Amino acid sequence: QVQFVESGGGLVQPGGSLRLSCAASASINVFAIDWYRQAPGNQREWVARIYSIDNTGSDWYAQSVKGRFTISRDDAKNTVYLQMNSLQPEDTAFYYCNTYPPGPTWGQGTQVTVSS
C-alpha cells in the first residue's frame with residue numbers, strides 16, 4: 001500500500017502562491033492521485049485529481065479552485081504537486097493527497113494558512 005507525505009504548506013497573504021508536494025513511498029505511475037483539504041470544523045473536501053499517464057493523464061478540479069490551482073505529477077520522482085495561485089482565506093486548511101480510490105492510510109497533511 002502506498003503511503004504519502006505532504007509538504008510545502010505555510011502562511012501566505014491573500015493573492016499569494018504556494019506549491020504543495022505529495023511524495024509517495026512507492027511507484028504511483030498506475031494510480032490516479034487526489035488532493036483533498038480539510039478546514040477546522042469542516043469535512044474533508046476533494047480539491048483536484050490527476051489520472052495516470054496511461055489513462056489520459058487528465059486533471060480535474062473542484063469548482064472552488066478551478067482556474068487557480070494546477071495539479072501535476074512526476075512519476076519518476078513518485079511525486080504529485082499542487083500549484084496554488086491567487087490564494088484566498090477560504091483556502092486555509094490542511095491539505096492531503098491519496099490515491100483514487102483512496103487507500104486506508106492518510107498522511108499527516110500540510111497546513112496552508114492564507115491571512116494578511
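Taking the three principal axes of the alpha carbon atoms in the range 63-116, the coordinate ranges are 35, 21, 21 Å, sorted in descending order.
Along the range 45-55 the Karplus relation, 6.51 cos²θ - 1.76 cosθ + 1.60 evaluated at θ = phi - 60°, assigns HN-Hα couplings of 10, 6, 10, 7, 9, 10, 7, 5, 4, 6, 10 Hz to successive residues, with x for each Gly and Pro. Shape of the chain from its Cα gyration tensor (a ≥ b ≥ c, root eigenvalues): rounded if a/c is under 1.5, otherwise prolate when a/b > b/c, or oblate? Verdict is prolate for the chain. Pick from TYR36, TYR51, TYR100: which is most flexible by mean-square fluctuation in a GNM of the chain where alpha carbon atoms under 10 Å apart are linked? Highest fluctuation among the options: TYR100. Largest GNM mean-square fluctuation among SER72, SER86, SER21, using the chain with Cα springs under 10 Å: SER86.
For the chain, the relative contact order comes to 38 percent (Cα pairs under 8 Å, sequence separation of at least 6). For GLU90, the solvent-accessible surface computed with a 1.4 Å probe is close to 130 Å², ligands and nucleic acids excluded. A probe of 1.4 angstrom, applied to the heavy atoms of all protein chains, finds TYR96 with accessible area near 30 square angstrom.
Taking every protein chain into account, the 1.4 Å probe leaves THR113 with about 40 Å² of accessible area, to the nearest ten. Each residue of the range 95-107 is assigned a 3J(HN,Hα), and the resulting list reads 10, 10, 10, 6, 6, 10, x, x, x, x, 10, 10, x Hz, derived from the Karplus form 6.51 cos²θ - 1.76 cosθ + 1.60 (θ = phi - 60°), x at Gly and Pro. Each Lys and Arg adds +1 at its Cβ and each Asp and Glu adds -1 at its Cβ; summed about the Cα centre, the chain shows a dipole of about 100 debye.
What the chain shows is 53 Å² of accessible area per residue, with the surface traced by a 1.4 Å probe over protein heavy atoms. To put it simply, the accessible area of the chain at a 1.4 Å probe is 48 percent carbon and sulfur.
The values are calculated or read from the model by the stated rules, or taken from the named source; none is laboratory data. Keep in mind the model is a prediction, meaning the values are calculated, not measured. Glycine also receives a Cβ, built like all others from the backbone with ideal geometry; neighbour counts cover every protein chain displayed. Side chains included, ligands, DNA and RNA excluded: accessible areas come from the protein's heavy atoms. Shrake-Rupley method; radii C 1.70, N 1.55, O 1.52, S 1.80 Å.
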